[in-house]
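One structure is given below, encoded as structure tokens.
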Amino acid sequence: MEINLYDTTTTIMANNQSVQASTYTFMPQSIPMVLHDPKCQPEYRTKGSAGADLKVAMDLVLLPNHTQVVSTGISLAIPEGFVGLIFPRSGLASRGITLANSVGVIDSDYRGEIMVALKNTSTEPMALQYGDRVAQIVFIPITQFPFVQTETLDATVRGTGGFGSTGV
């Protein structure tokens, strides 16, 4: 697998002190894939697409207000330091088909078949055909930070304001 190395410098606050940390990210040029179903090859539809479309590996009818876990026909070897995030497709979401968990997380150490939990939020049954694009996967680098216990956190303008604290 061919890789490129990218330097990322991040500023973090620790015990009221600004600390700069450099990390190096290996950016793979491809992702190994087992294609369980030839009609389910993921694809980027345009050069600027952030997400690759995932397809359903069966015909199905989603009943109103029901969720069904469906096969995408693929398994991936997502490189360490990355995550695959599964998002709904906006065209389907506008018709009531979305993901039951909003966003799916595929960890780099998972090697099983990628499944998606589709939910029909409409009042009508929705038919999906084998090979239809049902979700999209976006790959992003991740960092696991150590948790450091402290008595206080640095002050911000928002502070402890929670849900709705910045307006609607």
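The values are calculated or read from the model by the stated rules, or taken from the named source; none is laboratory data. Source: prediction; values computed, not measured. Here the Cβ is made from the backbone with ideal geometry for all residues, glycine too, and neighbour counts use every protein chain on show. The accessibility values were calculated without ligands, DNA or RNA, using every heavy atom of the protein model including side chains. Shrake-Rupley method; radii C 1.70, N 1.55, O 1.52, S 1.80 Å.
Annotations for the structure displayed:
- Spin-label model distance (nm) - Glu151 vs Arg45, 7 Å beyond Cα toward Cβ: 5.6 nm
- Exposure ranking of Val83, Val148 by accessible area [1.4 Å probe, largest first]: Val148, Val83
- Normalised by residue number, the volume inside the convex hull of the Cα atoms of region 76-168 is 169 Å³ per residue.
- Averaged over its residues, region 71-165 has an accessible area of 62 Å² per residue, based on protein heavy atoms and a 1.4 Å probe.
- Between the beta carbons of Ala77 and Val168, assuming R0 = 30 Å, the FRET efficiency works out to 0.10 to the nearest 0.05.
- Which of Val157, Val105 is most accessible, then next, and so on - probe 1.4 Å: Val157, Val105
- Rolling a 1.4 Å probe over the protein chains gives Arg158 an accessible area of about 140 Å².
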